[in-house]
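Here is the structure we will look at, set down as structure tokens.
The values are calculated or read from the model by the stated rules, or taken from the named source; none is laboratory data. Treat the numbers as computed from the prediction; the structure is a model and nothing was measured. Glycine gets a Cβ as well: all are built from the backbone with ideal geometry, and neighbour counts include every protein chain shown.
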Amino acid sequence: MTIQEQYENLEKTVRSYNPSADFARIRAAFEFAQKAHEGQKRKSGEPYIIHPLAVAQIVAEELKLDSESIEAALLHDVIEDTAATHEQISKLFSPTIADLVEGVSKLTRIQYATKEDEQMENLRKMLIAMSKDIRVILIKIADRLHNMRTMEYQSPAKQKQKSLETMEIYAPISHRLGMQRIKWELEDLSLKYLDPIGYDEIVSKLDAKRQEYEDFMRRTQDQIDQRLNDLNIQHIVYGRMKHPYSIYRKMFNQNKSLDEIFDLFAFRVIVENVGDCYNVLGVIHDLYKPILGRFKDYIGTPKPNGYQSLHTTVIGPDGLPFEVQIRTREMHEIAEYGVAAHWKYKQNGQGAGTEGRYEWVRRLLENQEGTDAEEYIHSLKVDMFADEVFVFTPGGDVQNLPAGATPIDFAYAIHSAVGNHMVGAKVNNRIVTFDHVLKNGDIVEILTSKSAKGPSRDWMKIAKSSEARSKIRQWFKKERRDENIANGRAAFEAELKHCGIPMKDVLAPENLPGLLKRVAYGSLDDMYAAIGYGGFTAQKAVNRMQGELSRIAKQHQADKAAMEAALSRENKPEEPAKPAPKKVKSEQGIIVEGLDNCLVKFSKCCTPVPGDAIIGFITRGYGVSVHRCDCPNASPEKQKQPGQEGRWIKVSWGSDTNDSYPTTLEVVCKDRLNLLLDISAALSVTNTFVLGIQSRSTEDQFAIFRLEVRIKNGEQLKSLMNKLNQISGVLRVTRPAG
Ligand code: MN
């Protein structure tokens with residue numbers, strides 16, 4: 001390919017996922033880089049521009065990043081290797097692009113020496129933290145990937161050094177950012193230079209069995225594909241083999257031969273929704289024999305880095321074991337492209353609230369329990385994008401804190417016990433005050449005492465990191481509950497007075513439960529305590545309660561009006577004789593006595609299906625809502641309530657029912673391994689379509705599953721409930737209502 005063709009290919013790739021990219025500017029970046037690198041050659045003898053072009057291609061193809069990233073990738077070596085400057089790029093392109101390019105150059109300049117594991121971890125952290133904009137590290141990884149792909153032209157010494165660095169720094173960072181494909185390629189390429197003999201051994205063994213393995217993969221894939229097509233489940237299925245480096249690790253660490261590796265093959269099924277994940281699981285276990293103890297539900301319990309999937313290992317017809325991973329499209333994108341997929345979602349405005357998927361901010365997340373959602377988003381942004389400062393412990397460990405951080409932040413970053421017992425601090429061996437602002441490279445020592453009084457409220461104002469503030473709050477929450485309640489109560493009452501709401505309205509027994517629910521606290525004391533330690537504010541509490549009180553007042557008024565209307569109807573002297581009820585065309589399979597063409601909906605509380613005894617309730621404005629006769633919301637007492645007489649109406653199932661109706665089942669079981677497996681098998685054999693499964697375990701070893709399914713008729717429901725009841729350990733299968 002000529003350079004021109006390569007460039008056109010890049011444009012084509014960008015256009016395929018981002019048609020509105022700024023192509024004029026991308027071309028300008030390409031032309032600028034081409035001119036700047038004019039005359040420079042790579043070790044392969046090719047013109048240098050090949051490299052930035054290839055890096056931009058990776059950034060587009062593998063990471064699908066935005067216009068600015070593509071431009072920065074094309075320009076990524078001009079500051080480092082040519083006469084171009086930050087100022088120039090800032091003027092010609094944009095300050096953001098100049099910052100991105102400079103960021104990548106800075107990372108290029110860092111010297112990595114191999115050190116102990118812990119220090120390597122600090123180096124990785126430092127690298128991520130230094131890339132203030134996440135795109136910097138993404139471009140740097142693409143740069144490294146291309147350099148590794150073209151490593152054959154380098155000297156053996158350089159090959160070894162770069163491969164080691166890649167293995168220890170860049171592959172783990174790619175993993176942390178969730179970019180599995182790039183991580184694998186980086187590892188395989190590094191292994192090739194770090195242990196050429198081991199690498200060749202694996203690759204040649206795989207090559208020898210290639211035909212056999214490929215046949216197996218194709219057969220299995222066809223089988224799964226066909227079965228899912230028969231069942232009309234929208235899906236993509238494909239297989240892959242374990243990549244050489246992960247085989248290498250297993251073979252050499254666990255002293256195994258290639259044939260002894262269990263999960264050499266893996267198949268992946270990507271479906272449209274979570275319900276289908278469980279449907280497919282049932283199908284796979286019907287097709288192949290599952291290996292006990294190898295099933296993992298990472299959908300119900302995601303991995304710490306946000307990874308979600310169902311994993312199961314089964315044995316194929318030829319006795320070859322293989323793993324099947326089942327996930328939705330979104331889970332898949334996050335797993336494959338990690339933070340890059342997140343970036344993409346965020347750009348399209350679909351990613352709100354998914355910040356938690358950054359592995360390295362998980363620590364932050366853990367500190368957010370008990371704080372308000374808005375404050376959480378705010379603190380996340382501050383810590384993610386504000387400048388950072390690096391300081392050292394006396395032992396030489398790097399601590400990474402937000403700019404402006406003080407000894408208080410440092411102490412709490414070490415451990416909450418250090419913070420809570422702090423009595424003084426030294427920076428570079430000199431005693432400083434608690435509000436001293438730390439600078440890069442400072443060596444910080446915290447003086448502690450067992451008899452320390454604990455943090456003071458002023459510390460909250462001095463601390464810069466949300467981590468420290470959150471830990472201080474936790475301390476107050478635990479140690480000072482009585483004081484918090486008194487302070488919180490005073491603040492709340494003052495705010496109430498300010499808004500002109502009498503306390504007795506809040507305390508009224510008909511209002512209080514609704515108000516507490518609205519602020520999400522179990523009792524007023526809990527809420528006072530939260531206000532007292534700063535986890536909630538009096539303003540928010542009063543604001544929400546005010547809304548709830550006016551809602552309750554409106555409801556009273558509406559109820560009163562409805563009752564009056566009902567009374568005046570009853571008092572009407574001569575009511576025209578009702579026409580004889582006649583059967584009419586059904587609506588969604590429901591015949592409403594005496595009413596034609598009326599809107600019908602199925603109540604969410606008891607989710608009736610054909611065959612159930614049912615009754616209708618005439619709602620205000622939403623037509624007739626259909627309940628099961630045994631639903632508590634349709635009990636005789638409810639039917640007799642004032643204002644409700646005359647609104648209950650006879651309904652029955654027509655002969656033309658819908659294909660299926662959503663309904664909910666609750667299964668209570670003694671908790672044990674593989675319960676979910678057996679439940680999904682029961683769903684599969686009764687051809688039950690799953691909309692969702694939720695499970696929770698109780699403290700006394702019971703598991704409660706809530707199955708949301710679609711049911712055709714009473715018979716299917718009965719046979720499903722029978723099957724579920726037969727599962728060992730199942731105590732009760734019910735249809736929740738009310
Ligand atoms: Mn480069």
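In the stretch 691-703, what residues are within 22 Å of residue 276 (Cα to Cα) and surrounded by fewer than 16 Cβ atoms within 10 Å (Cβ to Cβ)?
Within the stretch 691-703, 692, 694, 696 meet the criteria.
Inside the stretch 140-165, can you point out the residues that are more than 14 Å from the ligand (Cβ to nearest atom), of a type in the set (Gly, Ala, Ser) and in contact (Cβ under 8 Å) with a residue 24 or more places away in the chain?
Within the stretch 140-165, just 163 meets the criteria.
Just checking, how many residues over the stretch 639-655 are touching a helix residue (DSSP H, G or I) at 6+ places or on another chain (Cβ under 8 Å) and surrounded by 15 or more Cβ atoms within 10 Å (Cβ to Cβ)?
Of the residues in the stretch 639-655, 3 are touching a helix residue (DSSP H, G or I) at 6+ places or on another chain (Cβ under 8 Å) and surrounded by 15 or more Cβ atoms within 10 Å (Cβ to Cβ).
Hey, could you check the stretch 61-84 for residues that are away from the ligand (no atom under 16 Å from the Cβ) and assigned to a helix (DSSP H, G or I) and say which is surrounded by the fewest Cβ atoms within 10 Å (Cβ to Cβ)?
Checking each candidate, the answer is 61.
Are any residues in the stretch 431-481 polar (S, T, N, Q) and part of a helix (DSSP H, G or I), and if so, which ones?
466, 470, 474
Confirm whether residue 187 is away from the ligand (no atom under 16 Å from the Cβ), of a type in the set (D, E, K, R) and surrounded by fewer than 17 Cβ atoms within 10 Å (Cβ to Cβ).
No, not satisfied.
Residue by residue through the stretch 620-658, note down the ones that are without any contact (Cβ under 8 Å) to a residue 60 or more places away in the chain, within 42 Å of the chain's Cα centre (by Cα) and part of a loop (DSSP other than H, G, I, E, B).
Those that are without any contact (Cβ under 8 Å) to a residue 60 or more places away in the chain, within 42 Å of the chain's Cα centre (by Cα) and part of a loop (DSSP other than H, G, I, E, B): 620, 621, 622, 623, 629, 635.
For the stretch 22-58, what are the residues that are surrounded by 19 or more Cβ atoms within 10 Å (Cβ to Cβ) and away from the ligand (no atom under 16 Å from the Cβ)?
26 - this is the single residue of the stretch 22-58 that is surrounded by 19 or more Cβ atoms within 10 Å (Cβ to Cβ) and away from the ligand (no atom under 16 Å from the Cβ).
Suppose the filter is at pLDDT 50 or above and either within 28 Å of the chain's Cα centre (by Cα) or among the hydroxyl-bearing types (Ser, Thr, Tyr) (or both); does residue 415 pass it?
yes
Just to be sure before I move on: is residue 96 within 16 Å of the ligand (Cβ to nearest atom), surrounded by fewer than 19 Cβ atoms within 10 Å (Cβ to Cβ), modelled with pLDDT of 65 or more and part of a helix (DSSP H, G or I) in the structure I sent?
no
Find the residue count for the stretch 80-102, including only residues that are free of Cβ contacts under 8 Å to residues at least 24 places away in the same chain and among the acidic types (Asp, Glu).
2
Can you tell me which residue is modelled with the lowest pLDDT among those in the stretch 668-707 that are over 27 Å from the mean Cα position of the chain (by Cα) and among the β-branched types (Val, Ile, Thr)?
Only one residue tops the list, namely 685.
Looking at residue 113, is it closer than 30 Å to residue 161 by Cα, modelled with pLDDT under 90 and away from the ligand (no atom under 16 Å from the Cβ)?
yes
Among the residues of the stretch 226-268, count how many are more than 25 Å from residue 195 (Cα to Cα) and not aromatic (Phe, Trp, Tyr).
Residues flagged as more than 25 Å from residue 195 (Cα to Cα) and not aromatic (Phe, Trp, Tyr) within the stretch 226-268 amount to 15.
Only one of these is touching a residue at least 12 places away in the same chain (Cβ under 8 Å), surrounded by fewer than 13 Cβ atoms within 10 Å (Cβ to Cβ) and either over 30 Å from residue 549 (Cβ atoms) or within 35 Å of the chain's Cα centre (by Cα) (or both): 484, 429, 420. Name it.
429 is the lone residue from the list that is touching a residue at least 12 places away in the same chain (Cβ under 8 Å), surrounded by fewer than 13 Cβ atoms within 10 Å (Cβ to Cβ) and either over 30 Å from residue 549 (Cβ atoms) or within 35 Å of the chain's Cα centre (by Cα) (or both).
Can you name the number of the only condition in (1) touching a residue at least 12 places away in the same chain (Cβ under 8 Å); (2) at positive phi; (3) not aliphatic (A, V, I, L, M) that residue 6 fails?
Tallying (1) touching a residue at least 12 places away in the same chain (Cβ under 8 Å); (2) at positive phi; (3) not aliphatic (A, V, I, L, M), residue 6 fails exactly one: (2).
Would you mind stating whether residue 529 is in the same structural domain as residue 402 (by TED's automatic domain parsing) and surrounded by 19 or more Cβ atoms within 10 Å (Cβ to Cβ)?
Here the answer is no, as residue 529 does not meet what is asked.
Check residue 226 against each of (1) in contact with a helix residue (DSSP H, G or I) (Cβ under 9 Å, 6 or more places away or on another chain); (2) more than 16 Å from the ligand (Cβ to nearest atom) and name the one condition it does not meet.
So the condition that residue 226 fails would be (1).
Given the conditions (1) part of a helix (DSSP H, G or I); (2) within 15 Å of the ligand (Cβ to nearest atom); (3) at pLDDT 90 or above, which single one is not true for residue 103?
(3)
Out of curiosity, is residue 706 over 22 Å from residue 296 (Cβ atoms) and among the charged types (D, E, K, R)?
Against the criterion (over 22 Å from residue 296 (Cβ atoms) and among the charged types (D, E, K, R)), residue 706 does not qualify.
If you go through the stretch 556-568 one residue at a time, do you hit one that is of a type outside the set (Asp, Glu), at pLDDT 75 or above, under 19 Å from residue 657 (Cα atoms) and within 42 Å of the chain's Cα centre (by Cα)?
Checked the stretch 556-568: no residue is of a type outside the set (Asp, Glu), at pLDDT 75 or above, under 19 Å from residue 657 (Cα atoms) and within 42 Å of the chain's Cα centre (by Cα).
I'd like to check something: does the stretch 286-298 contain any residue that is surrounded by fewer than 18 Cβ atoms within 10 Å (Cβ to Cβ), over 26 Å from the mean Cα position of the chain (by Cα) and among the acidic types (Asp, Glu)?
Checked the stretch 286-298: at least one residue is surrounded by fewer than 18 Cβ atoms within 10 Å (Cβ to Cβ), over 26 Å from the mean Cα position of the chain (by Cα) and among the acidic types (Asp, Glu).
Does residue 682 fit the bill of being crowded, with 16+ Cβ neighbours inside 10 Å and part of a strand (DSSP E or B)?
No, not satisfied.
Can you list the helices (runs of 4 or more DSSP H) found entirely within the stretch 168-285 that contain at least 3 residues being within 22 Å of the chain's Cα centre (by Cα) and not hydrophobic (A, V, I, L, M, F, W, C)?
Counting at least 3 such residues, we get 171-176, 180-194.
When you check residue 252 against the structure, is it of a type in the set (A, V, I, L, M, F, W, C), buried (at least 16 other Cβ atoms within 10 Å of the Cβ) and touching a residue at least 40 places away in the same chain (Cβ under 8 Å), yes or no?
So residue 252 does not fit the description; no.
Which of the residues belonging to the stretch 601-636 are touching a Leu at 6+ places or on another chain (Cβ under 6 Å) and over 16 Å from residue 664 (Cα atoms)?
Result: 623, single match.
Just to be sure I understand the filter: pairs with C-beta atoms under 8 Å, separated by 6 or more residues or on different chains, first member in the stretch 709-730 and loosely packed, with under 15 Cβ neighbours inside 10 Å, second member of a type in the set (Asp, Glu) and not in a loop (DSSP other than H, G, I, E, B). Which pairs pass?
Within 8 Å, the pairs are 728/678.
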